[in-house]
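Presented below is the structure to which this report refers.
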Amino acid sequence: MKLRKTFAALMLSFAFALGFVDFCFALTRAEFLSGLLEARGINWTESQEYHEKRGGAIFLLRTGIVTDNVSNLNGQVTRREALRWIIESLGLKFEAELLGDYPSGFSDIGNLSDYERGCLVVASKMQPNILDASSGSKKQAKFNGNSALSKSDMQKFLERVRNISRRNFTLDVIRNPLDGMRVLIHREGVFSGIPSWRFYIDGFANKSQAENLRKLLKDLAVETTSHQTHGKYFLRTPKIEDYNIIRRLSSFIKSRKLSYRILPSVSNPNTAILPKFYVMLYLDPSYWRISPLVSKAGARTLDYLSSMTKFHGAKAGINAGFFAITKPERGFPIGALKVNGKILNTPYEGRGALGWNDDDEAIFAISASNPYIYNDSGELIASVNPEFVSDANNWFDMTNIIQAGPLLLDGGAVVGNSEGFDSALLSARHPRSAIGLSNEGQWIFLLVDGRNGMHASGATISELTEIFRSHDIPHALNLDGGGSSEIIINGRIYNAISEGRERMISYAIGAFALNAKK
């Protein structure tokens, strides 16, 4: 017995000498999650019924700041779990999902999910980063995702989380999905409150189906209300504070083969570090031309951006101008729309517009009068030269015209014309879509996410203008925003749509290879 004790003591001393003592005492998931809660600086009151080392973990999981369903809090935490939970706690889940196929620089990622690979990219690319700056270098570092998280690594990770929570950080990733396309993905700031959640259930063929499920859920003590958009019915819960309810609802709805959306609501007390996210697509004019897109059923039919880009064969697309809704899946553009020389809708006086042709000419200006004349039956019978702010340009030489507003930049100068828009649309933060033109003739599609307190707070018109100015873009026009804001690049949606799903729109702008048929 004495020999065994002596041997054990020697082995322990040996472990200390080699610096391996971290692995002699396994860190539990509860310890790590509790430490993560503290590092994020989120205020909470511990319930007396939980032990100190479990209370923080249970609270964190109940808030949905970490959405995993962790069944064994006493189990050993791995490096892949720790990184996944850190990224999610910072509100960077969407960015990790978006970058799952981006080169991480690590050689041992074969056993990681696409999402975990995206977490590696985000953690090593953000400034300040979570992983060591040397991670993902030319040496093809190893992440060792299945290894137990050491105490020293936990302390290092959480100290970096603590620093990020106290001040701003940035993430900038450049992608080149196709020749002549450059995509900038930008994120900054973190949320600072405790989220609540709304659960949406979609996929009902009619109102009675939605009502039947609403009654069933009520019997299960889950309240929902029925809503309709564009003739599509869905159910929505009130705000839910306990994410365990969301987890159970998700499993139940999956079993019924219905689609659902989960959207957060966060009140951020620290407005200095509100999360911001935008995607900026640059299109080289040597490779790409742009054209308005309408539904295959015509300009009076609403359609999804994904359907429009697929039908027309566009390799990228962004929602365009404002529109009116007349009935389910029907509506019309508000303002000028001219597609490949054909006039589809007339201008809205006093609003910003963009025209361009196949000779690399473009006009950004504000419509001052209606250049079209109609008979009593509403038929177009003549056109007159329209008066625009830039009246030296001939708008009738423009093959394509779209209109939205307000006009943001003209030759690098801030326009500052409200164009009659309500101050709430201009001064409040919303999701935004916009189009710009560089001095080199590159078209720029800009998408700013918003209405998601964990991911992105949106932008005011002034903030949208400043994004263009910060990238030296001299010409820019605001497009329709809010739930309509969406950008697709090479068949993939690159933003977190504020409603959690695509909205039907009137028309869009698509990018086509120069050798593609019109």
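The values are calculated or read from the model by the stated rules, or taken from the named source; none is laboratory data. Fair warning: this is a prediction, and the values are worked out from it, not measured in the lab. Using ideal geometry, Cβ is built from the backbone for each residue, glycine included, and neighbour counts are taken over all protein chains shown. In case anyone asks, the SASA skips ligands and DNA or RNA and just uses the protein heavy atoms, side chains included. Shrake-Rupley method; radii C 1.70, N 1.55, O 1.52, S 1.80 Å.
Restricting to DSSP loop positions (anything but H, G, I, E, B) with no more than 13 other Cβ atoms inside 10 Å of their own Cβ, which trypsin sites (Lys or Arg not before Pro) remain in region 142-201?
Lys142, Arg167
Does region 406-454 come out rounded, prolate or oblate, given a ≥ b ≥ c as the square roots of the eigenvalues of its C-alpha gyration tensor, rounded meaning a/c under 1.5 and, failing that, prolate meaning a/b above b/c?
Values: a/c = 3.17, a/b = 1.29, b/c = 2.45.
Oblate, since a/c reaches 1.5 and b/c is not below a/b.
Can you give me the relative contact order of the chain as a percent, contacts being Cα pairs under 8 Å and 6 or more apart?
On the way: 1124 pairs, mean separation 72.5, N = 518.
Relative CO of the chain lands at 14 percent.
Projected onto the charge dipole of region 297-346 (+1 at Lys/Arg Cβ, -1 at Asp/Glu Cβ, origin at the Cα centre), which of Phe322, Ala297, Ser307 gives the Cα projection farthest towards the positive end?
So the residue we want is Ala297.
Just check region 418-518 against the gyration tensor rule for me: Cα atoms, a ≥ b ≥ c as the square roots of the eigenvalues, rounded for a/c under 1.5, and otherwise prolate or oblate depending on whether a/b exceeds b/c. Write down the numbers at each step before the final one.
Values: a/c = 1.76, a/b = 1.21, b/c = 1.45.
Verdict is oblate for region 418-518.
For the chain, which whole-number percentage of the solvent-accessible area (1.4 Å probe, protein heavy atoms only) is attributable to carbon and sulfur atoms? Working shown, then result.
Numbers: 11640 of 23930 Å².
Using a 1.4 Å probe with all protein chains present, the chain comes out at 49 percent carbon and sulfur.
Counting each DSSP H run of 4 or more residues in the chain as -39500 (n - 2.57), what helix-only mean residue ellipticity at 222 nm follows after dividing by all residues, to the nearest 500 deg cm²/dmol?
Values: 12 runs with 134 residues, N = 518.
Computed ellipticity for the chain at 222 nm equals -8000 deg cm²/dmol.
Quick check for you: with a 1.4 Å probe and neighbouring chains kept, what is the accessible area per residue of the chain, in Å²? Mind dumping the intermediate values first?
Numbers: 23930 Å² over 518 residues.
Result: 46 Å² per residue.
Listed highest first by mean packing, meaning other Cβ atoms within 10 Å per residue, what order do 61-70, 423-432 come in? It would help to have the intermediate numbers written out before the result.
On the way: 61-70: 19.3, 423-432: 16.3.
So the order, starting with the most tightly packed, is 61-70, 423-432.
Any idea what the relative contact order of region 69-179 is, in percent, if you count C-alpha pairs under 8 Å spaced at least 6 apart?
For region 69-179, the relative contact order is 30 percent.
Charges on Cβ only, +1 for Lys and Arg, -1 for Asp and Glu, centred on the Cα centroid of the chain; of Thr237, Gly355, Leu447, which one is farthest towards the dipole's positive end?
Working it through, the farthest residue towards the positive pole turns out to be Thr237.
Can you compute 3J(HN,Hα) from phi for each residue in region 461-467, using the Karplus curve 6.51 cos²θ - 1.76 cosθ + 1.60 with θ = phi - 60°, rounded to whole Hz and x for Gly and Pro?
4, 5, 5, 4, 4, 5, 4
What pairs in Lys93/Lys156; Lys239/Lys310; Lys207/Lys239; Lys276/Lys310 have C-alpha atoms more than 32 Å from each other? Mind showing how you got there, number by number?
Working: Lys93/Lys156 21 Å; Lys239/Lys310 36 Å; Lys207/Lys239 23 Å; Lys276/Lys310 29 Å.
Where the Cα-Cα span goes over 32 Å, the pairs concerned are Lys239/Lys310.
Is region 196-324 rounded, prolate or oblate when judged by the Cα gyration tensor, a ≥ b ≥ c being the square roots of its eigenvalues, rounded requiring a/c under 1.5 and prolate requiring a/b larger than b/c?
On the way: a/c = 2.73, a/b = 1.51, b/c = 1.80.
It comes out oblate by the Cα gyration axes.
Counting other Cβ atoms within 10 Å, keep those with at most 12, restrict to DSSP loop, and tell me which GluC sites (Glu not before Pro) in region 414-477 are left. Could the numbers behind the result be given before it?
On the way: sites: Glu419, Glu440, Glu463, Glu466; in loops: Glu419, Glu440.
In loop regions of region 414-477 (DSSP not H, G, I, E or B), the sparsely surrounded GluC sites (Glu not before Pro) are Glu440.
So what does Asp114 come to for accessible area, using a 1.4 Å probe and Å² rounded to 10?
So the heavy atoms of Asp114 present about 100 Å² to solvent.
Short version: ³J(HN,Hα) in whole Hz for each residue of region 173-184, in order, from phi by Karplus 6.51 cos²θ - 1.76 cosθ + 1.60 (θ = phi - 60°), x for Gly and Pro, what are they?
My calculation for region 173-184 gives 10, 9, 10, 10, x, 9, 4, x, 10, 10, 10, 9 Hz in order.
Taking 0.36 nm per residue of separation and subtracting the Cα-Cα distance, what length does fully extending Asp397 through Asn270 add? Before the final figure, lay out each step's value.
Numbers: separation 127, 0.36 × 127 = 45.72 nm, distance 5.05 nm.
That pair, Asp397 and Asn270, stretches by 40.7 nm at full extension.
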